[in-house]
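Q: Please read through the structure below; I'll follow up with questions.
Just so it is clear, none of the values below were taken in a lab; they were calculated from the coordinates. As the structure is a prediction and not an experimental result, all values here were calculated from the model. Virtual Cβ from ideal backbone geometry, glycine too; neighbours counted across all protein chains shown.
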Protein chains: 2
Amino acid sequence: MSELNGIDTDALENLIESASKDPDKASFTFRAETEWIGGFASETHISDFTQDGTTVESPEFTITGDEPEALLGDRAGPNAVEHLLAAIGSCLSVTYAGHAAAHGIQLNDLSFEFEGDIDLRGFLGLSEDVRVGYDQIRATTHLDADASEDELRELHEEVIATSPVYDNVTNEVTLDFDLQFE
Amino acid sequence: MSELNGIDTDALENLIESASKDPDKASFTFRAETEWIGGFASETHISDFTQDGTTVESPEFTITGDEPEALLGDRAGPNAVEHLLAAIGSCLSVTYAGHAAAHGIQLNDLSFEFEGDIDLRGFLGLSEDVRVGYDQIRATTHLDADASEDELRELHEEVIATSPVYDNVTNEVTLDFDLQFE
């Protein structure tokens, strides 16, 4: 098998060809269940997903969320806005590794730093003039790869244009809610 | 100490009063560092944050991201779009618990289910006509609380209006990028 960036490039080509020929193969539904466990703590369970209408079984992962003591939690885990940064970082990482492999670019080192500013008067319901979420997120990509700076800048632009979480965070997405009383 | 939903309601009142008198106390910067560790796997490290310009120390948490085998990963952790659902769930959970406590409403049980549909032809660079991220996210809230359905519907609307991650996902946010070659 051919490998680049730890990715099986033959399998990557097959995946791209398969999704190109049969778009349904690229149709996924991902799921999560979040359970409030008291105070500001929650557990999110992630397991199976659906590809092309068929359930794909997966081991279960549990993600703990909690606030730090400064925000009246027990800091049993990162809080939600920190998890949001992790989701962005994880997505950019995958997108970089995959697109670099597709272009034959070897990555030596890749990391990201994120910072987000938030005025919690929105969350606390104290002001309607401040944004409820992050007002802005700053990111730095640290990249060491075997390609010219021009090629890497092009790769970076491609990553930004094709990263699902980057898209969902920087642009609007509809969230349809159903409220059920138990 | 008075407690509701596992939250110290005196401390919550103090936090709200303090942020109301001195808005800088509500000014936070959260951080994350994501390291690509090969293939589609990454580790995000979350630790200290800043409140009112002062660093608040925190233990370090590590979040592992990976793709499932169907997407050429080793499924060492949830993938990025699953982490995004976890961030939304964690945020809604915190916002519900806090706002319910502030209104004197006891929550007995609270959980959320999320589903997001995504056409990975966007990620794979195969189509510019499909959305790169989730096209839509569906959420169900399961709520058992000691209040009337009208009060709980009002609480639900308040949660949606004051949840930071809900805001950042459903609305646009600027992500400023710096690319550094190492």
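Q: Taking the beta-carbon count within 10 Å as an exposure proxy, list A:40, A:177, B:49 from fewest neighbours to most.
A: Going from least to most buried by this count: A:177, B:49, A:40.
Q: Could you run the Karplus curve 6.51 cos²θ - 1.76 cosθ + 1.60 with θ = phi - 60° over the range A:27-35 and give me ³J(HN,Hα) per residue in whole Hz, x for Gly and Pro?
A: Result, ordered by residue: 8, 10, 10, 9, 9, 8, 10, 10, 10 Hz.
Q: What ratio of Cα Rg to 2.2 N^0.38 Å holds for the range A:79-170?
A: The value comes to 1.29.
Q: Can you tell me the convex hull volume per residue for the protein assembly as shown, based on C-alpha atoms, in Å³ to the nearest whole number? The partial results should precede the final answer.
A: Values: hull volume 46.7 nm³, N = 364.
Each residue corresponds to 128 Å³ of Cα convex hull volume.
Q: Between the range A:148-182 and the range B:114-182, what is the separation of their alpha carbon centroids in Å?
A: Their Cα centres are 11 Å away from one another.
Q: Given a cut-off of under 8 Å on Cα pairs at least six residues apart, what relative contact order in percent is computed for the range B:79-170?
A: 34 percent
Q: Arrange the following residues from fewest to most other Cβ atoms within 10 Å of their Cβ: A:47, B:90, A:163.
A: Values: A:47 16, B:90 34, A:163 26.
Fewest-to-most ranking of A:47, B:90, A:163: A:47, A:163, B:90.
Q: Spin-label point model (7 Å from Cα, Cβ direction): what's the residue B:178 to residue B:24 distance in nm?
A: 2.4 nm
Q: Could you tell me what a quarter of the Cα convex hull surface of chain A works out to, in nm² with one decimal place?
A: Projected area, direction-averaged: 14.1 nm².
Q: Which of the listed residues, B:77, B:120, B:171, is farthest toward the dipole's positive end in chain B, when Lys, Arg count +1 and Asp, Glu count -1 at the beta-carbon?
A: B:120
Q: Same structure, new question: For chain A, with a Gaussian network of springs between Cα atoms less than 10 Å apart, report the residue from A:140, A:64, A:95 with the top mean-square fluctuation.
A: With Cα springs under 10 Å in chain A, the top fluctuation among A:140, A:64, A:95 is at A:140.
Q: Where does each of B:153, B:121 land when they are ranked from fewest to most other beta-carbon atoms within 10 angstrom?
A: B:153, B:121
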